[in-house]
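**Student:** Submitted below is the structure of interest, expressed as structure tokens.
The values are calculated or read from the model by the stated rules, or taken from the named source; none is laboratory data. Quantities reported herein were computed from a predicted structural model and do not represent experimental measurements. Cβ: placed from backbone, ideal geometry, glycine included. Neighbour counts: every protein chain shown. Surface accessibility is based on the protein's heavy atoms, side chains included, excluding ligands, DNA and RNA. Shrake-Rupley method; radii C 1.70, N 1.55, O 1.52, S 1.80 Å.
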Amino acid sequence: MARIVVLGAGFAGLWAAIGAARKRDEIGAGREIEIRVVDRNPYHNIRVRNYEVDLSEVALPLAQLLDPIGVSHGIGEVEAIDPARRQITLVTSDGKEMLVYDQLVLALGSEVMRPDIPGLADHAFDVDTYASALRLENRLASLGRSAPSPGRSTVVVVGAGFTGIEVAAEMPDRLTRAGITVDRRIILVDPNPAVGATIGAHARPVIETALSSLKIERRLGVRVISVEAAGIRLSSGEFIPTQTVIWCAGMRASPLAANFPGARDCLGRLLVDPFMRVADQPGVFAAGDVASSVVDGLHPTVMSCQFARPMGRFAGHNVVADLVGQPLLPLRIDWYVTVLDLGGWGALYTEGWDREVRTTGAAAKVTKETINRKRIYPPLTGSKEDLFAAASPTVQAPPKTYGAR
């Protein structure tokens, strides 16, 4: 029996596994091909919702999604990958395990970058994983139950990119839920001179308006010198008393991408072709945040579920097709949108790589909530047919807009 291993069960890994099972079923090779998923967790995290007020529906058990389609799954931390021997070293609860594969889909995603800043590892929070999001939620709840103290009602978010903006914009509602309603401050810190430096000139005024409406302070053009138990120290000389620092300053591909020779981009992502194949690595595919593919003839994918999900579906289809000698399908995506959550103010919806503003405020919020709560979810019916239909190697149409300009 040939074995396909999918490393990672995020947006790319989950859909690669379902897509592979769909193709296996299509060709009637259920007894000839084993598909195995390995992840450090027994759940699929709807990671893009980790900043939200309510985390009750962001961790979906893998058994619910993979058992109905005959995909095995196990918990383990990937320690190393040996592409020459087609062997993976895993650390599990029982110790180390060697897992051999015939075909591989690398979908280990990305992780927040944590520079060597004094106190950062000990005192800062993030929303990179479900576990870290729960840790932040518990901190806010704990502060809400505690007596007033210096920095109790102040939250500092470091990084004014997509994640940092969404975390900061959601924070008023999160503090209200925690019972922190008096003397609160939310401060967004970034070394760039403007919020959303990579988001574009069209969108930036909308973001600034929303942040001002939400009374979110900005500290721009400054760097973090240290994070301490009592607060955060900036390069401007300012010390901000706070008991909650949330680090959102950049992402980088899984360092395990370095196990493969060949080209990687500035984010550490493996360069893959339109079929999601890693160059000069027979039988190796990569998808999601750990991979970069030019999907429209000009632009490489960005780290987002918008690209991870179709990359996963095509990687899953193609890894089976490659194994049995059938034609592979190229992934092409000819549209790009950005939908940024701006908390109680609403949201921002842009179209195109220049990010032309299409809708804002409450209208854009409807689109954002539809994406976060419906569009990016796998079917939860437990039906093999529903899961396979959702894993078809096709590209969805852009999200519906409401009240477009």
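**Student:** Could you check how much of the accessible area of region 1-97 is carbon and sulfur, as a whole percent, using a 1.4 Å probe?
**Tutor:** Heavy-atom surface of region 1-97 belonging to carbon and sulfur, 1.4 Å probe: 45 percent.
**Student:** Say R0 is 41 Å: what FRET efficiency, to the nearest 0.05, do E79 and V395 get from their beta-carbon distance?
**Tutor:** Approximately 0.75, to the nearest 0.05.
**Student:** In addition: At 222 nm, what value in deg cm²/dmol follows for the chain if DSSP H runs of at least 4 each add -39500 (n - 2.57) and the sum is divided by all its residues, to the nearest 500?
**Tutor:** -8000 deg cm²/dmol
**Student:** Please report, in cubic angstrom per residue, the volume enclosed by the convex hull of the alpha-carbon atoms of region 276-352.
**Tutor:** 91
**Student:** Over the chain, with a Gaussian network built from C-alpha contacts below 10 Å, which listed residue (A390, A133, A147) shows the highest mean-square fluctuation?
**Tutor:** Answer for the Gaussian network model of the chain: A147.
**Student:** Could you give P(r) for the chain, binned at 10 Å from zero, as whole percent values over all Cα-Cα pairs?
**Tutor:** 5, 22, 31, 25, 14, 4, 0
**Student:** Calculate what fraction, in whole %, of the accessible area of region 122-185 sits on carbon and sulfur atoms when a 1.4 Å probe is rolled over the protein chains. Present the calculation step by step, with values, prior to reporting the outcome.
**Tutor:** Details: 1310 of 2690 Å².
Ligands and nucleic acids excluded, carbon and sulfur give 49 percent.
**Student:** Let me ask something else about it. For the chain, what is the accessible area per residue in Å² when the probe is 1.4 Å? Each step should come with its number before you reach the end.
**Tutor:** Values: 16870 Å² over 405 residues.
I get 42 Å² per residue for this part.
**Student:** Can you find, among V91, L298, V155, the residue farthest towards the positive end of the dipole of the chain? Put +1 on the C-beta of Lys and Arg, -1 on that of Asp and Glu.
**Tutor:** Farthest towards the positive pole: V155.
**Student:** Normalise the Cα radius of gyration of region 95-174 by 2.2 N^0.38 Å (N = residues in it) and let me know the number. Mind dumping the intermediate values first?
**Tutor:** On the way: Rg = 17.5 Å, N = 80, 2.2 N^0.38 = 11.6 Å.
Relative to the 2.2 N^0.38 Å estimate, region 95-174 comes out at 1.50.
**Student:** Report the full-extension gain for the segment L134 to R373: residue separation times 0.36 nm, less the Cα-Cα distance, to one decimal in nm. It would help to have the intermediate numbers written out before the result.
**Tutor:** Details: separation 239, 0.36 × 239 = 86.04 nm, distance 1.85 nm.
This chain segment gains 84.2 nm when fully extended.
**Student:** If amide H atoms are built 1.01 Å from N in the plane of the peptide, which residues on other chains or at least 5 residues away come under 5 Å of the amide H of S226?
**Tutor:** Amide H neighbours of S226, under 5 Å, 5+ apart: R233.
**Student:** Then there's this: Looking at the chain as a GNM with Cα springs under 10 Å, which of Q243, Q281, Q103 has the largest mean-square fluctuation?
**Tutor:** Result for the chain, Cα springs under 10 Å: Q281 fluctuates most.
**Student:** Would you calculate the separation in nanometres between label points at V302 and E238, each defined as 7 Å from the Cα along the Cα-to-beta-carbon direction?
**Tutor:** Distance between the two pseudo-spin positions: 2.7 nm.
**Student:** Counting only complete DSSP H runs, which helices of the chain cover 18 Å or more along their long axis at the Cα atoms and score a mean Kyte-Doolittle of -1.0 or above?
**Tutor:** Those that clear 18 Å and a mean of -1.0 are 11-26, 130-145, 162-178, 305-324.
**Student:** Still on this structure: Given a Förster distance of 51 Å, report the FRET efficiency between S93 and T209 from their Cβ-Cβ distance, rounded to the nearest 0.05.
**Tutor:** Taking R0 as 51 Å, the efficiency between S93 and T209 is 0.55.
**Student:** Let me ask another. In whole angstrom, how far apart do the alpha carbon centroids of region 39-73 and region 359-405 sit?
**Tutor:** Between the Cα centre of region 39-73 and that of region 359-405, the gap is 17 Å.
**Student:** Sticking with this one: Grab the chain and count how many Lys pairs have their alpha-carbon atoms under 21 Å apart, sequence gap of 8 or more, or different chains.
**Tutor:** Counting lysine pairs in the chain gives 7.
**Student:** Per residue, what volume in Å³ does the convex hull of the Cα atoms of region 15-148 enclose?
**Tutor:** 160
**Student:** Follow-up. Where is the GNM fluctuation largest for the chain (alpha-carbon springs, 10 angstrom cutoff): A63, A287, A121?
**Tutor:** A121
**Student:** Determine the distance separating the Cα centre of region 3-33 from the Cα centre of region 84-155; give it in Å without decimals.
**Tutor:** Value for the Cα centre distance between the two parts: 27 Å.
**Student:** Quick one: of the DSSP bridges fully inside the chain, what percent are antiparallel, nearest 5?
**Tutor:** Here the antiparallel bridges make up roughly 50 percent for the chain.
**Student:** Out of the DSSP beta bridges found with both residues in region 286-374, what percent are antiparallel (nearest 5)? Mind dumping the intermediate values first?
**Tutor:** Numbers: 11 of 11 bridges.
Percent antiparallel among DSSP bridges in region 286-374 is about 100.
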